[in-house]
Every structure is written in C-alpha cells, then in structure tokens.
Amino acid sequence: MKQLVADGGQNGRQKPIRYNSNSRGEMLPPDWQVQMLSFHECKMRVRFSKDTLIAVVLLWICGTGLRLTILAVPPLLPLIRSDLHLSATAVGLLISLPVALFSLAALPGSLLIARLGTLRTLVGGLLIVALGAALRGVSPNTATLFGATAIMGCGVAIMQPSMPVIVRQWLPAHVGFGTATYSNGLMMGQLLPTLITLPLLLPWLHGNWRLSLAMWSVPVALTAVIVVLLAPRPTGTPAQMNAGNSFSTAPAKWWPDWRNSLVWRLGIMFGSINAAYFAANAFLPVYLVDAARPDLVSRAVTALNFGQLPGSFLLLIFAGRLERRVWPYIAAGSLELVSVLGLVFAIGKWTVVWAGLLSFCSGSALILGLSLPPLLSAPGDVARTSAAMFTVSYGGAVIVALISGAAWDLGGNPRLAFVPIGLCAILLVVSAMVLRHKHELI
C-alpha cells in the first residue's frame, strides 16, 4: 500500500510514504503519525529504557499538576463561603471559572508553544499554576481570590495543549500509554486534595483555609523544577528535531485551522465526554436531594469521581491495543446512556453503581480521546489541534451545563436536567462513528 507525498526538498520530488505493520499485522499510519504497539512491546521497551522510565514519571507528575490546585477548593468551600460571605452564585462562579478558562486560554497556550517551545510552555504553565495557587493563600477578599483563581486557571489552560505534544515527543512509540500515564496522574490530582485536605492538611495548619490552598502550590512548583532538571534532552539530527521528535521543537503554526473538519470532529467528541461528566457532577447532588434521597449524595458523588480510576489503570495496560479503535467509544457512550437512565429512573441502592459506571465510561473515553490529536495530526499541528479541541470541548461543557439548568428551571422537572447529559452520550457514539467513516478510527 503506497501513496505519494512531497519530500519537502527544493526540487519538489515525490516519494512513497513508508507504511509499517504492528505485531498484529495491521497497516499503520504514515511516518508523521505514531506506530501502534501492543502492551507487551511497550512494556519491553519501558523495561530497558531509562529515559522512557523518566519520561513516564515526569508525565505522571505533570498530570497531577493539571488538577491538584483546582480540586483543593471544594473541600474548603464551607470555610471560604463563611469567611468571605460568598453568595451561592459566587460559589458557582468560583468553581466554574477554571473550566471556562480551560476553553478561553487554550489558544494562547498554542501560541506560546509556537513561540517558546513545548517544554518552556509546560514549565511556564506549571509556574503560573503555582503562582496563582500561592496567591490564593494571601487573598484578603473575594476579588483577589477570584483573580488568583483566574491566574491559576490560565496556567492549567496553557499546560493542557502542551501535554499531547510532550507525549508525542517524549514517547513517540507509546502515545496511548503516555496519554494514559498523564491522565492517570490527572485523575489522582483530582482525588488527592479531597482525601488529604480536611483530615490532614487543614488540622495541621490550624484550620487556616488560605494556607491550605497555598500549600497545594508547593508540589506544582516542585514539579516544574523536576521537569527542568530531568526532561529528556533533544536527540537526533536537525531534520528529525524539526519533524517534531524533540521536546524543544516549536511548531511554526499556532492558530487552529478551523476549516479542517478534523478539529471539529475531535472537539465535538471530546466535548460530549467533558459535558456529560461536568453536568452530572453539577446536578446529581441537587437532584438526589430533590428526590428526597440526601443519604445517597455522598456515596454517589464519591463514585462519580473515584469511578474514573479503574479505567485509567486498565488503560495503562491496554492503551496500546485500543489506540484509534472505534468500539471503546461506542461502548462508553452506550453505557453512559444506560447509566444516565439508571440515575434518573432507578434511584435507590443502584444509584451508586450508575454513578460509578458513568464515571468509568467518561474517564476511559477521555483518556483515549486525549491520545487522538498526536495520533491524527502532523507533529507541527498537534499543539494547535489540541488547543482547538480543548476550546470547543470545555466551551461546550459550560453550555451543556447551562442548558441542563435551564431545562430544569423551565420545565419544572429535575429529570429534564439529565436530558442533555443523555444526548451527550448519544453524541459520543455518533461522533465516533463519523471518525470511523473518515478512517480516523478503525
């Protein structure tokens, strides 16, 4: 199987693209895409490569830095609200502000990658997150708290499009595994603050919520230092470095090609995953209280967050086998729809199971979706494609949450809030089938 492509030389000659086969005999994408490997092959290479082990560890701790400081707020909200006299609207804004910035500041992240390089952007994002988190610890009033939160959210938004590029550059033969690694770190970063803040950190700091928030800036700042010291160094010829195989490569293009339908397909797919998860987190607790089952709230919310972990650990093992496969997305979307129906129509002892199933499916689909930009884009386009995907998806998540709330208010029926969430599950299935039709999934 051969195609012709310009060789990039001055004479404009054509040469055939080289296709390779993996261990299952499948034809693989061109050289600018990533070879799919079985987990056995991935494990063998990880075992014998010190640089790969370092890259895996760095990816994991960078993943934790994407969420540690953001999820430190919810456990402390009662203290923050009481001290600063926040209204319910202000509380909602404090929680949703970082998510909105994930959409608004993703494209500036792509610009910084193009101008400064991927590693500098990643380290800069970590330092900005640490700065914003530390400033929250000295916030005397609501305005400064919101300003510090905005700084922190911008840092995370800058980091997010750099992570797929870093994976492509540090682990070019293990994109799925690398994505699963930093996604696992991201999910652990969501859980650690909820597990540690109230029982350990807050008592140690004598109940001071400001210091508790500021303390979470320390591991993020240390991550930036560790990345600077241990990040894989560029290797290979200048031509290989310019092809996107080095962490220092700065892609020349940063503004997404909005005319490229792949950008919208990825944005819609990823948006359907994000929207379902965020909207479920927002409305499930109040829905259960409205249904006179407040006793289920704590267990359901815990399942809705912890349910992602099993999927992330499983994908550390099977990510290489699931790269660009269509069936995991179809299965995830179908099971998400089943779980939404269960949450709405089967409130009771199964509620925790439905919440955990929704979390498991959305978390697994999210990890696999994060691997698609480096797998489907040319190396120089990974950052801007990822930035566009985050812009569309997180913007869509905010819109879906608003639609769910409006459906509840206008219809007077709390079940209506879950209709957009169910539609997101269907959209995930449809978008996966469209990608399959375009031969971007197999």
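Rule-based calculations on the coordinates, nothing more; no lab input. Everything numeric here is computed off the predicted structure, so don't read it as measured data. When we count neighbours, we look across all protein chains shown, and the Cβ atoms used for this are built from the backbone with ideal geometry, even at glycine.
Counting beta carbons within 10 Å around each of Arg324, Arg168, Arg210 and listing the fewest first gives the order Arg210, Arg324, Arg168.
Residue exposure proxy: Trp354, Trp60, ordered by other Cβ atoms within 10 angstrom of their Cβ from fewest to most, comes out as Trp60, Trp354. Loop-located trypsin sites (Lys or Arg not before Pro) in segment 370-442 (DSSP state other than H, G, I, E, B) with a sparse environment of at most 16 neighbouring Cβ atoms within 10 Å: Lys438.
Placing +1 on the Cβ of every Lys and Arg and -1 on the Cβ of every Asp and Glu, with nothing else charged, gives segment 256-442 a dipole about its Cα centre of roughly 320 debye. Debye-formula intensities of segment 108-220, expressed as log10 I(q)/I(0) at q = 0.14, 0.16 Å⁻¹, are -0.66, -0.82 (one equal scatterer per alpha-carbon, no solvent). Karplus-based coupling profile of segment 383-397, in residue order and whole Hz: 5, 6, 5, 5, 4, 5, 4, 5, 4, 5, 6, 6, x, x, 5, with θ = phi - 60° in 6.51 cos²θ - 1.76 cosθ + 1.60 and x standing for Gly or Pro.
Sorted ascending by nearby beta carbons within 10 Å, beginning with the fewest, Leu107, Leu186 become Leu107, Leu186. Residue by residue, segment 99-112 carries 3J(HN,Hα) couplings of 5, 5, 6, 4, 7, 6, 9, 5, 5, x, x, 4, 4, 5 Hz when phi is fed to the Karplus relation 6.51 cos²θ - 1.76 cosθ + 1.60 (θ = phi - 60°); x denotes Gly or Pro. The percentage of C-alpha pairs in segment 256-442 whose separation is greater than 20 Å is 53%. Summarising the amide proton neighbourhood of Val326: residues at separation of 5 or more, or on other chains, whose placed amide H is nearer than 5 Å comprise Ile442. Step through the residues of segment 299-308 one at a time and calculate ³J(HN,Hα) from phi using the Karplus curve (6.51 cos²θ - 1.76 cosθ + 1.60, θ = phi - 60°), rounding each to whole Hz and writing x for Gly and Pro. Coupling constants for segment 299-308: 5, 5, 5, 4, 5, 5, 9, 6, x, 6 Hz. Note: segment 39-252, Cα convex hull, 120 Å³ per residue. All other residues whose Cβ lies under 9 angstrom from that of Trp254 are scored, Lys and Arg at +1 and Asp and Glu at -1, for a net of +3.
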